[in-house]
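The structure appears right after this line, and notes come after that.
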Amino acid sequence: MDKAKQEKKFMRMAIALSQQNVEKGLGGPFGAVIVKDGKVLARSANRVTTTNDPTAHAEVAVIRLASKKLKSFDLTGCEIYTSCEPCPMCLGAIYWSRISKVYYANTKDDAAAIGFDDKFIYNELDLQPDDRKLPATQLLREEAIKTFEHWQESESKIQY
Ligand SMILES: [Zn+2]
């Protein structure tokens, strides 16, 4: 199968996961698949409402499964197929996981049109902490910074 056909096959899996989630009432209309070397490593739909986990977006859920399967926090070389453009949290998770490529189907504007509006988070990210809607106050940096210094000096740390 050529690459373009394969890409569509994996995206259709992600879309099917999103569709099944809606049909079975298991959560939001989102699905994601992680692929490595042309093979499916893990797949998940959104699990926010079934697990009462606000971070259980399809992308985060599938990253957890793939990392567990690979026994690694580093997903370099993996590709993620997600039925919708990742929200800021998922995009952050994708960067942290070092996934090498993102394929998406629906856009964030499509998601906003059905009530999943993450645009306000993107807007918040551009603001200084004091200007955000979420109140944030800095406290006790002089105490917390000591742990950072310990980390910096630690011989046993695993850099990631
Ligand atoms: Zn997300």
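The values are calculated or read from the model by the stated rules, or taken from the named source; none is laboratory data. As the structure is a prediction and not an experimental result, all values here were calculated from the model. Cβ sites come from the backbone with ideal geometry, for glycine too, and all protein chains shown count toward neighbours. Areas reflect the complete protein model, heavy atoms only, side chains present, ligands, DNA and RNA absent. Shrake-Rupley method; radii C 1.70, N 1.55, O 1.52, S 1.80 Å.
Annotations
- Length available on full extension from T137 to R12: 0.36 nm per residue minus the Cα-Cα distance, which gives 40.6 nm.
- Amide H contacts under 5 Å for G28, placed H, 5+ residues apart: V48, T49
- Protein accessible area in the chain, 1.4 Å probe - carbon and sulfur %: 55 percent
- Within straight-line cross-link reach of K9, lysines at Cα separation under 17 Å, skipping those fewer than 8 residues along the same chain: K36, K39, K101
- Summary of the geometry: segment 35-57 and segment 106-160, compared by the centres of their Cα atoms, lie 22 Å apart.
- Amide proton proximity set for E85, modelled H, under 5 Å, gap of 5+: A105, N106, T107, K108
- With θ taken as phi - 60° and the Karplus curve 6.51 cos²θ - 1.76 cosθ + 1.60 applied, the whole-hertz 3J(HN,Hα) list for segment 29-45 is x, 9, x, 8, 10, 10, 10, 9, 6, x, 10, 6, 9, 7, 9, 7, 9 Hz, x standing for glycine and proline.
- Each peptide in 132-138, 92-98, 82-88 gets a packing score, the mean of other Cβ atoms within 10 Å over its residues, and the list from highest to lowest is 82-88, 92-98, 132-138.
- The charge dipole of segment 91-146, taken about the Cα centre with unit charges on the Cβ atoms of Lys, Arg (+1) and Asp, Glu (-1), comes to about 300 debye, rounded to the nearest 20.
- DSSP beta bridges in segment 1-159 [antiparallel fraction, %, rounded to 5]: 70 percent
- Efficiency of FRET from Cβ geometry, L65 and K119, R₀ 30 Å, rounded to 0.05: 0.60
- Dipole of the chain [Lys/Arg +1, Asp/Glu -1 at C-beta], most positive-end residue of P29, M89, A111: P29
- The angle separating the long axis of helix 58-70 from the principal Cα axis of greatest extent in the chain is about 80 degrees.
- Comparing mean-square fluctuations of I80, I34, I145 from a GNM of the chain with C-alpha springs under 10 Å, the top value falls on I145.
- Added length on full extension, which subtracts the Cα-Cα distance from 0.36 nm per residue, D2 to T76: 24.4 nm
- Pairwise FRET efficiency - L127 versus Q19, Cβ, R0 = 41 Å, nearest 0.05: 0.70
- Lys, Arg +1 and Asp, Glu -1 on Cβ, resulting dipole of the chain about Cα centre, debye, nearest 20: 1000 debye
- Using θ = phi - 60° in the Karplus curve 6.51 cos²θ - 1.76 cosθ + 1.60, the 3J(HN,Hα) couplings for segment 88-93 round to x, 4, 5, 4, x, 4 Hz; x is entered for Gly and Pro.
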